[in-house]
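Before any comments, here is the structure.
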Amino acid sequence: MADYDASPYVPEDADLAALSSAAARCHGCPLYADATRTVFGQGEPSASVVLVGEQPGDHEDRQGRPFVGPAGRILHKAMEEAGIDPGDAYVTNAVKHFKFTVPEGGKRRIHKQPSLREVSACKPWLDAELERIAPRVVVALGATAAKALMGPEFRVTRQRGRLLTPGVPIDGAHIVATVHPSAVLRAGDNREEMYAGLVADLRVAADVLG
C-alpha cells in the first residue's frame with residue numbers, strides 16, 4: 001500500500017530553491033507517477049502575500065510553473081485590479097502534482113480533484129514554503145486550498161473575503177479565502193459577477209499589505 005506523506009522528502013533548513021529541487025524527487029503520494037513533473041511554488045522569496053491554489057493543471061504540468069494557464073491569466077488580472085503587486089507575490093498549490101483522468105477513447109487530460117489524503121500528504125511542502133516566506137497574508141484560492149490551510153470543516157462559501165488568523169505554521173499572518181480563478185472560467189453567464197467577487201476578496205488581502 002502506498003505511503004501518503006511527503007515529510008521524509010522535505011529537507012530541514014533548506015531555502016526555497018533547495019526545497020523546489022527536493023520536491024522534484026518527491027514520491028510522497030501516488031500522484032507523482034502519472035504527472036509530468038512536480039510543480040513547486042514560484043515567486044518572490046520575501047513575498048508579503050502568498051496565493052495558494054488547488055493543484056497544477058494541464059498547462060502547469062507541462063511547463064513546470066504554477067498558474068500559467070487560463071486560470072492563471074484570470075488570477076494575475078484580478079491581482080492587478082485589486083492592487084496586489086505580482087512582483088511582491090508568491091504563487092503555489094496545496095498539491096504539487098497534476099491529478100487527472102483521461103476519458104476512454106480520448107486524449108485530453110481532465111482535471112480531477114485531489115483527495116483529502118493527497119492534500120494532507122503534500123501539506124509538508126506547503127508548510128515549508130510558508131515557513132520560509134513568512135508572508136503577511138495568505139490567499140486561499142478555492143475549497144481545497146482553504147481546507148489545507150484551515151482544516152476540512154472550512155467552507156469558502158461561508159467565510160470568503162474575511163481576514164482569518166490560522167496560527168502555526170504561518171503565525172502572525174492572515175488568511176483570506178476566495179474562489180479559485182478557474183471557477184470564473186466555469187461561471188458562464190455569471191462570469192462577470194464571479195470575477196468581481198474574486199477581485200473584491202483580493203482587495204481585502206491588498207488592504208492588509210497597505
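The values are calculated or read from the model by the stated rules, or taken from the named source; none is laboratory data. Note that the structure is predicted; figures quoted are calculated from it, not measured. Every residue, glycine among them, receives a Cβ derived from its backbone with ideal geometry; neighbour counts consider all protein chains shown. Each accessible area value is taken on the protein alone, full model and side chains, heavy atoms only, with ligands, DNA and RNA left out. Shrake-Rupley method; radii C 1.70, N 1.55, O 1.52, S 1.80 Å.
Quick notes on this one:
- Using C-alpha pairs under 8 Å with a sequence gap of at least 6, the mean separation divided by the residue count of the range 66-210 gives a relative contact order of 26 percent.
- Charge sum, other residues only, whose C-beta stays under 11 Å from Tyr9's C-beta, Lys/Arg counted +1 and Asp/Glu -1: 0
- For the chain, the fraction of 1.4 Å probe accessible surface lying on carbon and sulfur atoms is 47 percent.
- Ranking by accessible area, most exposed first, for Asp5, Asp58 with a 1.4 Å probe: Asp5, Asp58
- Within the shell of other residues whose beta carbon sits under 12 angstrom from the beta carbon of Leu19, the net charge comes to -3, with Lys and Arg scored +1 and Asp and Glu -1.
- Shape call, the range 49-90: gyration tensor on alpha carbons, a/c limit 1.5: prolate
- Anisotropy class of the range 41-176 from Cα gyration tensor, a/c 1.5 cut: prolate
- Evaluated with a Cβ-only charge set (Lys, Arg +1; Asp, Glu -1), the range 107-210 carries a dipole of roughly 500 debye about its Cα centre, given to the nearest 20.
- Helical segments meeting 20 Å axial Cα length and Kyte-Doolittle 0.0 threshold in the chain (DSSP H): 191-209
- Accessible-area order (highest first, 1.4 angstrom probe) of the listed residues Ser7, Ser120, Ser48: Ser120, Ser7, Ser48
- Heavy-atom accessible surface of Glu80, to the nearest 10 Å², is about 130 Å², with a 1.4 Å probe and all protein chains retained.
- Most to least accessible of Thr38, Thr101 (protein chains only, probe 1.4 Å): Thr101, Thr38
- Think of a 1.4 Å ball rolled over the protein heavy atoms: the chain then has 49 Å² of accessible area per residue.
- Gyration tensor (alpha-carbon) shape descriptor, the range 134-210, a/c threshold 1.5: oblate
- Mean-square fluctuations from a GNM of the chain, with a 10 angstrom spring cutoff on Cα atoms, peak among Val52, Val119, Val68 at Val68.
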